[in-house]
Structure formats: structure tokens, C-alpha cells
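J.: Before I ask anything, here is the structure I am working with.
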Amino acid sequence: MGTGKTISITKRAMVALFVLCIMVSAVYAKDVKNVALLSNSTVPYKDVFTGFQSYLSKHGAKVNYHIHIMDDDIFKPKQVIQKMKEEKTDVIFVVGNKAADVALDYSADTPVVFSMILKNKKLRNAKNATGVILEFPVETEFSFLRQMLPEVRRIGVVYNPKENSEKIAVAEGVAKEMGLVLYAQEVNNPKALPNALKNIAKHSDVLWGISDSLVLNAQTAKQILLFSFRNNIPFCGLSPSWVEAGALYSLGWDYTDIGTQGGEAAWKIRQGNEPNDVPVVAPRTIRYSLNLKTAKHMKIKITEELISNAHQVFKE
């Protein structure tokens, strides 16, 4: 008799737990008004949004998306943000710096999940924002550099201190911990670049490229790549286009997975987390490009494993 009561109580408890689980699922599967602001409509931006949508869909989130492309001539940021406030939008998903600027300028209360963002200083002070920063940690970059060039110990870098002083300070510490030497040359204006490169040639085995609008751009590309070839100092480029032009390699991103990471952040917010309690993260997937012609010119041996795992290989 006691045993029967115990079984009955257990069954009721299991039923109650089952009902509770259904109720919780229903809460997180309810309709979400999510506005997507895309800086432009090119493929990488669309891939990011696809990854974001796919993640939320797999988790049962029924989302009402309102998509706004900012390269559209009729885009009016104030009207869009006002409409979001009136509709009580749950989450704003932004793709690109331009979109992030609009969201952060006009919305201080609605949670913002960003992606494809590079060095947006507004994000540091925004309590309502989190997401994916479009930059690998220095540890990741140097670890990959050691895989590609295991004999290298001296890393050269040219940079504009107004833009990259913090990153260089971090990089110096990381290099020291990894048994590497970072030789950093400040460039305060384009005219200072030739002399900085001459100093790099004397003290470095490789030139590390970092995102820097003053030092590494379309106007300085030819100068940087000629320096690399003439001095047999491999250049770690910023993108596949740099690699195609002559850089030894570059690290890149899986845009769909970046969108998935954004979806993960949005899901955490929907579960009750505050945006500033959800850590800002770097891309977790590396897609790299290689230039085997450059490697051959500089007599650099690239392992078959690195070649076969490359996302893109330039041979001629």
C-alpha cells in the first residue's frame, strides 16, 4: 500500500515536470520581433544573417524579422528606430559597423546583437549591446603564424598609434609569453612608412599585417608587397585579396558561423540575460588563404596539411 502511494506520487511529479517543460519551451518559442539592420546586401552580410536565422529556427524561436538594408536610398534610420520602439522590438540584430552606429545612436534600451563589427568604440560603453567582433585574438594570430612559419621568432609590424596602440601593447605581452619578439614601428603619416619598413627589414623575419586605415590600405598595398618580395620577408595579409596580390597568407572568417554566434547571443538574451552579461566574442572558425607562389619565391616550405586545409590557395 505504501509502495502504491509512492508510485502514484512519483507519477504525478513526473507529469508535473513534463507540463513544466512544455510551458518553458512555449515561453522561449513565442514570437519575437527581431529587426535586422544590414550595412549592405553583399554575400558576406547575407551569409551572416542566414546563420543567425538558422540558429534561432533550430531552437524553436518563431521570429518576425524586419530587414532594413542600409545601402538602400530610401533607408531612414530615425523612422526605422522609431517604428521599432512603437512595436516594442525584442532584439536588434546588426550586421556591420554602419548598422551598429545607427542602432546604438537611436536605441539605448533595446538589446542589440552585433556582428561583422571592427573596432567600433561605441560598443565599449553600450550596456545594451553584445555580439561578435570581427577580429581574432592576438594569441590566435601568433599561434597560427608559428604553425605557418615555425622558425620565425622576430615579428615586425607597422602601425598608427592613434588607431592601434592598445593592440600593440597586448601583442607585445603575448609575444613575450610565446617566446617571440615583436618589433613595432610607429607610422604617424604615410610619408613615414618607407623608413619604418627599412627598420623592419633590419630587425624582423616576418611582417604582421593588422587592420590599420592609415598604414595598410589600397594606397600602400603596392609598397608593402614590394617590400616583402624585395627583402624576402613574408607578409601576413589581411584578406584573400592581399594574398592573391602577394601576401603569404591571411586569416579569414566563416560568415555563416559568425551569424550562428550572433544567434547564440540573441538566444541567451531571450532567456533573460542582460546584453552586457553576454560576453563579446571573436570568430571561432578560421578560414585561411595561402599563396604558394609567394612561398616558392621565398623558399618557404608549407606542409601538405596546411595546404589541404586552406580555404583558398593561390598557385599562379
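J.: Over the range 178-234, what number does the Rg to Rh ratio reach, with both radii from the alpha-carbon atoms and Rh per Kirkwood? Display every interim value, and only then the final one.
T.: On the way: Rg = 11.1 Å, Rh = 11.9 Å.
Ratio of gyration radius to Kirkwood radius for the range 178-234: 0.94.
J.: While we're here: Can you give the helix-only mean residue ellipticity at 222 nm for the chain, where every DSSP H stretch with n ≥ 4 adds -39500 (n - 2.57) and the sum goes over all residues, rounded to the nearest 500 deg cm²/dmol? It would help to have the intermediate numbers written out before the result.
T.: Details: 12 runs with 149 residues, N = 316.
It lands at -15000 deg cm²/dmol.
J.: Can you give the angle from 0 to 90° between the axis of helix 221-231 and the longest principal axis of the chain, with both taken from C-alpha atoms, to the nearest 10?
T.: With both axes taken from Cα atoms, the answer is about 50 degrees.
J.: Name the long-range amide H neighbours of VAL94: under 5 Å, sequence gap of 5 or more, or other chain; modelled H, no Pro or chain starts.
T.: LEU37, VAL113, PHE114, SER115
J.: Something else now. Helix 138-148 against the longest principal axis of the chain: what's the angle in degrees, Cα atoms only, rounded to the nearest 10?
T.: Orientation of helix 138-148: about 60 degrees from the principal axis.
J.: In terms of modelled amide H atoms, which long-range or inter-chain residues lie less than 5 Å from the amide H of VAL313?
T.: Hits under the 5 Å cutoff: LEU290.
J.: Further question: Per-residue accessible area for LYS315 at 1.4 Å probe radius, Å² rounded to 10?
T.: 130 Å²
J.: Scan around ASP254 for amide H atoms under 5 Å from its own, H built in the peptide plane at 1.01 Å from N, and keep only partners 5 or more places away or cross-chain.
T.: THR285, ARG287
J.: Size of the range 142-238 along its principal axes in angstrom, Cα-based, largest extent first?
T.: The Cα atoms of the range 142-238 stretch 33, 30, 22 Å along their principal axes.
J.: I've got another one for you. Say the cut-off is 29 Å between C-alpha atoms; which of LYS98/LYS127; LYS202/LYS296; LYS78/LYS127; LYS127/LYS176 go over it? Could the numbers behind the result be given before it?
T.: On the way: LYS98/LYS127 19 Å; LYS202/LYS296 22 Å; LYS78/LYS127 21 Å; LYS127/LYS176 34 Å.
Listed pairs above 29 Å: LYS127/LYS176.
J.: Can you tell me what the convex hull of the Cα atoms of the range 172-316 projects to on average, as an area in nm²?
T.: Values: hull surface 45.0 nm².
It is 11.3 nm².
J.: Provide the convex hull volume over Cα atoms per residue for the chain, in Å³.
T.: Considering the Cα atoms of the chain, their hull volume per residue is 188 Å³.
J.: If you don't mind, another one. So for the pair LYS301, GLN271, with labels modelled 7 Å out along Cα→Cβ, what separation do we get in nm?
T.: Distance between the two pseudo-spin positions: 4.8 nm.
J.: Could you work out the relative contact order of the chain? I mean the mean sequence separation of Cα pairs under 8 Å and 6+ apart, divided by the number of residues, in percent.
T.: Values: 519 pairs, mean separation 56.0, N = 316.
Value for the chain: 18 percent.
J.: Roughly how many percent of the accessible protein surface of the range 77-137 is carbon and sulfur, given a 1.4 Å probe and a whole-percent answer? Don't skip to the answer; put the middle values down first.
T.: On the way: 1400 of 2840 Å².
Solvent-exposed carbon and sulfur of the range 77-137 make up 49 percent of the total.
J.: What area, in nm² and to one decimal, does the C-alpha convex hull of the range 116-174 cast on average over all directions?
T.: Values: hull surface 20.8 nm².
Reported value for the Cα convex hull: 5.2 nm².
J.: Choose one of LEU226, ALA175, VAL152: the residue whose Cα lies farthest towards the positive end of the charge dipole of the range 146-248 (beta-carbon charges +1 Lys, Arg; -1 Asp, Glu; about the Cα centre).
T.: LEU226
J.: Another question, if that's okay. For the range 42-171, state what percent of all Cα-Cα pairs lands in each successive 10 Å bin, counting from 0 Å until the bin that includes the largest distance.
T.: Over the range 42-171, the share of Cα pairs per 10 Å bin runs 10, 33, 30, 17, 9, 1 percent.
J.: Using the Karplus curve 6.51 cos²θ - 1.76 cosθ + 1.60 with θ = phi - 60°, work out ³J(HN,Hα) for each residue of the range 168-180 in order, rounded to whole Hz, and write x for Gly and Pro.
T.: Couplings: 5, 4, 5, 5, 4, x, 5, 4, 4, 5, 8, x, 10 Hz.
J.: First check a/c for the range 255-316, with a ≥ b ≥ c the square roots of the eigenvalues of its C-alpha gyration tensor; if it is under 1.5, answer rounded, and if not, answer prolate when a/b is larger than b/c or oblate otherwise.
T.: Working: a/c = 4.80, a/b = 3.91, b/c = 1.23.
Prolate, since a/c reaches 1.5 and a/b exceeds b/c.
J.: Further question on the same structure: How long is the range 54-113 along each principal axis, judged by its Cα atoms, biggest number first, in Å?
T.: 33, 23, 18
J.: Taking only Cα atoms, what is the 0 to 90° angle, nearest 10, from helix 193-203's long axis to the longest principal axis of the chain?
T.: 80 degrees
J.: Then there's this: Once phi is turned into θ = phi - 60°, what whole-Hz ³J(HN,Hα) does the Karplus curve with 6.51, -1.76 and 1.60 give for every residue of the range 104-118, x standing for Gly and Pro?
T.: These are the phi-based 3J(HN,Hα) values: 6, 6, 10, 9, 9, 10, 6, x, 10, 10, 10, 8, 6, 9, 10 Hz.
The values are calculated or read from the model by the stated rules, or taken from the named source; none is laboratory data. It should be emphasised that the depicted structure is a prediction, and the values quoted were computed from it without experimental measurement. Neighbour counts are summed over all protein chains in view; Cβ atoms, including those assigned to glycine, are modelled from backbone coordinates with ideal geometry. Side chains included, ligands, DNA and RNA excluded: accessible areas come from the protein's heavy atoms. Shrake-Rupley method; radii C 1.70, N 1.55, O 1.52, S 1.80 Å.
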